[in-house]
């Protein structure tokens with residue numbers, strides 16, 4: 001009898017070990033050499049830091065909570081984003097839809113390698129790299145990290161590519177209505193937008209969702225995970241930036257992580273996991289997955305690290321602007337290198 005029990009335990013242990021090995025090999029193991037600590041900022045990065053700080057302060061400090069319950073502030077954020085694009089020499093377009101009798105606006109700009117920019121009636125059929133972030137905040141929160149950081153990063157990246165002629169079309173998009181009650185629904189701004197892209201035949205080869213990217217901690221056990229087994233593979237200190245995708249987008253994720261680590265000055269981790277694991281699909285990249293496009297999320301892991309997640313205390317003073325800057329600087333290099341592939 002005892003040998004049967006021991007044999008059953010052995011079989012279960014082998015099965016668990018096999019599952020963990022497969023998870024590590026296909027979902028956790030990432031290319032490139034990781035760094036262990038954040039590096040000092042360069043002079044250009046110091047200027048970028050102040051740019052990011054100013055835009056987060058505008059969104060979360062001056063405009064504040066912005067959602068369908070604070071509709072004037074939601075529109076003020078849209079106006080600010082549109083004006084920021086214009087001041088960078090870009091030509092924004094509002095992708096508008098109606099929600100319960102009120103107009104909601106995704107805002108896009110395109111930097112094309114083609115002689116002329118695409119329009120709604122004459123869409124681009126060149127390969128597109130899309131960088132997006134949602135600009136609404138959850139009810140009851142000014143949304144500095146979620147997602148003032150993503151929007152500030154998206155605007156800073158758009159400014160740095162304005163006036164250039166990339167080999168691939170670059171598209172920068174601010175999405176509306178990512179937060180509840182629209183979260184994971186067909187009423188999300190990104191779902192509407194991705195559906196229109198699909199209907200036009202836009203060839204989006206990479207969607208990068210910038211989601212809650214400004215909080216870091218060196219405290220022991222400051223990092224948690226949505227599934228207990230993931231803690232075996234990843235750090236227990238929240239000092240890294242995360243890159244997350246579903247299994248289908250694994251190839252894109254590995255390319256992005258490799259490129260980020262080639263230039264990176266901050267630790268990074270990657271995970272290509274089934275979308276049903278909590279957190280994996282928690283942003284606008286899911287809308288693009290549902291329409292057949294590859295997409296990844298860049299995140300500080302939000303509720304698995306950030307103590308002010310979805311609260312009234314998610315204010316600009318809670319952020320680590322130095323490490324936030326290193327993330328954005330690294331993403332800029334990723335976009336440059338993706339254009340060469």
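Since every read-out is calculated from the coordinates, none of them should be taken as a lab result. These numbers come from a predicted model, not from an experiment. Counting neighbours? That spans all protein chains shown, and the Cβs are built from the backbone with ideal geometry, glycine included.
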TODO: Relative to the longest principal axis of the C-alpha atoms of the chain, give the angle of the C-alpha long axis of helix 71-87, reported between 0 and 90° and rounded to the nearest 10°.
DONE: 80 degrees
Task: q = 0.10, 0.11 Å⁻¹: log10 I(q)/I(0) that the Debye formula gives for the chain, counting C-alpha atoms only - done: -0.56, -0.67
Task: Computed lengthening from residue 113 to residue 54, 0.36 nm per intervening residue step minus Cα-Cα distance - done: 18.2 nm
Open item on the list: Report the gain in length on full extension from residue 35 to residue 311: 0.36 nm times residue separation, minus Cα-Cα distance, nm rounded to one decimal.
Closed with: 96.2 nm
Open item on the list: In region 131-156, whose amide N lies under 17 Å from the spot 7 Å out along Cα-to-Cβ of residue 263? List them in ranges.
Closed with: 131-132, 153-156
- [ ] Can you tell me which of 176-185, 224-233 comes out highest on packing, and rank the rest after it, using the mean Cβ neighbours within 10 Å?
- [x] 176-185, 224-233
Open item on the list: With angles folded into 0 to 90 degrees, how steeply does helix 189-200 sit against the dominant principal axis of the chain? Use alpha carbons for both and round to 10.
Closed with: 80 degrees
Open item on the list: Along its three principal axes, how long is region 233-340 when you only count alpha carbons? Whole Å, largest extent first please.
Closed with: 36, 31, 26
- [ ] Please determine, in degrees from 0 to 90 and to the nearest 10, the orientation of helix 321-338 with respect to the longest principal axis defined by the Cα atoms of the chain, where the helix direction is its Cα long axis.
- [x] 80 degrees
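Peptides 40-52, 133-145, 62-74, 291-303: what's the order by average Cβ count within 10 Å, highest mean first?
Ranked from most to least packed, the peptides come out as 133-145, 291-303, 62-74, 40-52.
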Open item on the list: Working only with C-alpha atoms, what are the Rg and Dmax values of region 62-189, expressed in angstrom?
Closed with: 14.7, 45
Task: Peptide ranges 322-332, 204-214 listed from the most packed, as the mean C-beta count within 10 angstrom indicates - done: 204-214, 322-332
Open item on the list: Can you give the FRET efficiency to the nearest 0.05 for residue 184 and residue 42, using r as the Cβ-Cβ distance and R₀ = 51 Å?
Closed with: 0.85
- [ ] For residue 247 paired with residue 72, estimate the spin-label separation in nm (one decimal), with each label point 7 Å from Cα along the Cα-to-Cβ line.
- [x] 5.0 nm
Open item on the list: Contact order normalised by length for the chain, with contacts defined as Cα pairs under 8 Å and 6 or more residues apart; what percent is it?
Closed with: 23 percent
Task: Simple spin-label estimate for residue 203 and residue 94 in nanometres, 7 Å along Cα-Cβ - done: 3.2 nm
- [ ] Report the extension gain between residue 221 and residue 62 in nm, rounded to one decimal, defined as 0.36 nm multiplied by the number of residues separating them, less their alpha carbon distance.
- [x] 53.9 nm
- [ ] Tell me what the chain gives for mean residue ellipticity at 222 nm when only DSSP H runs of n ≥ 4 count, each as -39,500 (n - 2.57), the sum divided by the residue total, rounded to 500 deg cm²/dmol.
- [x] -11000 deg cm²/dmol
